[in-house]
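Accompanying notes for the structure given below.
No value in this document is a laboratory result; all are computed from the given coordinates. The structure presented is a predicted model; accordingly, all values stated were derived computationally and were not measured. Neighbour counts are summed over all protein chains in view; Cβ atoms, including those assigned to glycine, are modelled from backbone coordinates with ideal geometry.
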There are 2 protein chains.
Amino acid sequence: MGKYAFGVDVGGTTVKLGLFDVEGQLLEKWEIPTNKENAGAGILPDTARSILAKMQERQISEADLAGIGIGAPGAYDSEGNLVGSSVNLGWSDFSIPEKMKAYFNVPIKAVNDANAAAFGEMWMGAGKGYKNMVLVTLGTGVGGGIIVNEHIVTGANGAGGEIGHIHIEDNEAECCNCKNKGCLEQYASATGLVRLAKRRLAKDDTPSILRNDKVSAKSVFDAVKEKDAVAVEIAEEFGDYLGKGLAAVAGVVNPEAFVIGGGVSKAGEILFTYIRPCFEKYAYAPCRNAKFVLATLGNDAGIYGAAGLILH
Amino acid sequence: MGKYAFGVDVGGTTVKLGLFDVEGQLLEKWEIPTNKENAGAGILPDTARSILAKMQERQISEADLAGIGIGAPGAYDSEGNLVGSSVNLGWSDFSIPEKMKAYFNVPIKAVNDANAAAFGEMWMGAGKGYKNMVLVTLGTGVGGGIIVNEHIVTGANGAGGEIGHIHIEDNEAECCNCKNKGCLEQYASATGLVRLAKRRLAKDDTPSILRNDKVSAKSVFDAVKEKDAVAVEIAEEFGDYLGKGLAAVAGVVNPEAFVIGGGVSKAGEILFTYIRPCFEKYAYAPCRNAKFVLATLGNDAGIYGAAGLILH
């Protein structure tokens, strides 16, 4: 086994890279731009060259290298093959490990980026010590990654952990991005929270600091901290939807902990005041003691998890 | 590795036992009564003696034995320790493998009985060939067992796969056995289906063959086969609830197949006419191609799965 591993997080704008030692310490991180020309054909070659340059700079030989882990948008099977397409990058149906093996004779693993982040939080973040945990990313959408017995749940088509599209509301007129109606993501993402806020504000004229400015996930929870009654109502509705969705997840995989990340999680522990009672209301009793914790690795969760695929 | 394994399925009335060869062929099965006196203290000793007698009868030595697998009601952690109590048997907090090791010096494994059945269906039943599948047992309640990458999802407290208590209906006045309101089990179990039927029949006077006799899960689907309009409405409602619940499950673990067992499944393939369109309506697109198949091992699923813990 080598002394180092690289963790790669391929995003729509930049590719993040990290060099880790076998203890899982992040020695250095950097980024390169994501070149989406030619259906993203240059992304992995660029990544490989960047890693090779770093190896030369640090005088790391291939024998020193335990492997390279890669997280990227899209659905990957358990061998790291992209199933279907990754619209964001222009990629479709190919094997990341196969492509990278043109450059390296070391173990290469590839998974979905949200799953990589979940694995990272389990390995070195807020989920450390938990064998069964769920990362819930509350950003533009609601993403997720499920860890069962320290392994990522990939699922049949790489769609394991896509909890943002669990149906949660029968009475919804608007469509989710996925074309269904009533998905968790429509209420519990940053965008969803703003939608709930706008609906509530339009309902009547109750005074609220939220009426002063543009509503955002941040402004809602800032107003909650100011004990703004309308904002509290919105947070309660958000918590009810999210608690209900996570209770369903708990009924399937019975995790020890939910790790909450993404932009909305910047509101902090106050989120749990609204999620936890609803989760407990809806969850089956033996699943009810799951812990709620805030993610700690932020934007580095992906490179940690990718490296963890090799090192953990 | 030995030539044989025993699979044991501990029930409230009888303990089922099966002798399997290493190919997974069931050579012989039999039952002994479940002795629930003294908080079930005699159940495992009775089981051990029955296995020892069978070994003597067949001249199977301990060296010939690959191991013994046991499925039983209750929540078991990944080491086979009972977490909390198994009300049905009177058991609480102990290790099945530890207890059985007083009689045998072979590998012993223990899991929850529903999970054992799921594992059995994956190993030798309707789920054969699927690495990611969900057994859904529609009986008095709704039980489940989740298989991810050919492994049982036990969860933190052994409550993985308890999908019967996923919250599915906000407008429910009656309590589920678990004390929550609106659990999947309240609509999709045999009992739940009868409840839906009674509610529908009480709603108006539309003629229906269901009015002639006592309503049961069987009579509802028999009437559906006769194209009874009221029965079809009931089946549609049942299918909507179950499709919605299984779509949530699919959003978490993205299985290749749902294997449907339990008493209600005796209605046959016609069930899928009602479940599948609703499942597809509620499921996230990448999870939508999950197959629906009927369980094939019936009451033997538990002994198969228990033996499979050793042999697969």
Got a sec? Charge dipole of the protein assembly as shown, +1 on Cβ for Lys and Arg, -1 for Asp and Glu; which of A:L294, B:C278, A:V259 is way out at the positive end? B:C278
Going 7 Å from Cα along the Cα-Cβ axis for the label, what nanometre distances separate A:S78 from the same residue across the other copies? 1.4
Please turn the phi angles of region B:297-307 into ³J(HN,Hα) values with the Karplus equation 6.51 cos²θ - 1.76 cosθ + 1.60 (θ = phi - 60°), one per residue in order, whole Hz, x for glycine and proline. 8, x, 6, 8, 4, x, 6, 4, x, 5, 5
Taking +1 at the Cβ of each Lys and Arg and -1 at the Cβ of each Asp and Glu, which of A:N35, A:G192, A:P107 sits farthest along the dipole of chain A towards its positive end, judged by Cα position relative to the Cα centre? A:G192
Other residues with Cβ under 11 Å from the Cβ of A:N88 give, with Lys and Arg +1 and Asp and Glu -1, a net charge of 0
Projected area averaged over orientations for region B:153-213, convex hull of C-alpha atoms, nm²: 5.6
Every other copy gets compared here: list the nm distances from the B:G298 label point (7 Å along Cα to Cβ) to its counterparts, shortest first, one decimal. 6.2
Rounded, prolate or oblate: which one fits the protein assembly as shown, using the alpha carbon gyration tensor with axes a ≥ b ≥ c (rounded when a/c is under 1.5, else prolate when a/b beats b/c, else oblate)? oblate
Proximal charge balance of B:K3 [Cβ under 13 Å; K/R count +1, D/E count -1]: -3
Using only Cα atoms, find the angle between the long axis of helix B:270-282 and the longest principal axis of chain B, and express it within 0 to 90 degrees, rounded to the nearest 10. 80
Magnitude of the charge dipole, region B:110-233, Cβ model with Lys/Arg +1 and Asp/Glu -1, debye to 20: 160
Looking only at B:G245, B:G42, B:G192, which one moves most when chain B is put into a Gaussian network model with springs between Cα atoms under 10 Å? B:G42
Whole-Å distance, taken between Cα centres, linking region B:1-27 and region B:134-190: 27
Under the helix-only model (-39500 (n - 2.57) for each DSSP H run of 4 or more, divided by the residues of chain A), the mean residue ellipticity at 222 nm, to 500 deg cm²/dmol, is -11000 deg cm²/dmol
Using alpha carbons only, how many degrees (0 to 90, rounded to 10) separate the axis of helix B:190-203 from the longest principal axis of chain B? 10
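Kirkwood hydrodynamic radius of region B:54-212 from all distinct Cα pairs, in Å?
For region B:54-212, inverting the mean 1/r across all distinct Cα pairs yields 18.2 Å.
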When only C-alpha pairs under 8 Å and at least 6 residues apart count, what is the relative contact order of chain A, in percent? 22
Quick one: grab Rg to one decimal and Dmax as a whole number for chain A, Cα atoms only, in Å. 20.4, 68
Over all pairs of different Cα atoms in region A:166-312, the reciprocal of the mean inverse distance gives a Kirkwood radius in Å of 16.4
Test of understanding: express the Cα radius of gyration of region A:1-49 as a ratio to 2.2 N^0.38 Å, with N the residue count. 1.27
To one decimal in nm, how far is A:A202 from the same spot in the other copies, if labels go 7 Å from Cα toward Cβ? Please give the shortest first. 3.8
Three semi-axes of the equivalent ellipsoid, region A:79-159, Cα gyration tensor, whole Å, largest first: 24, 17, 11
What net charge do the residues around B:A223 carry, taking every other residue with its C-beta under 11 Å from that of B:A223, with Lys and Arg at +1 and Asp and Glu at -1? -1
Dimensions of region B:1-143 along principal axes (Cα, Å, largest first)? 42, 41, 25
Under unit Cβ charges (Lys, Arg +1; Asp, Glu -1), what dipole magnitude, rounded to 20 debye, does the protein assembly as shown have relative to its Cα centre? 280
Tell me the label-point distance for the pair B:L52, B:K225, using the 7 Å Cα-to-Cβ offset, in nm and rounded to one decimal. 4.9
Note to self: C-alpha centroids of region A:41-58 and region A:227-302 sit apart, in Å, by 39
From the phi angles alone, apply the Karplus equation (6.51, -1.76, 1.60; θ = phi - 60°) to region B:17-28 and give each ³J(HN,Hα) in whole Hz, x where the residue is Gly or Pro. 10, x, 9, 10, 8, 5, 7, x, 7, 7, 8, 6
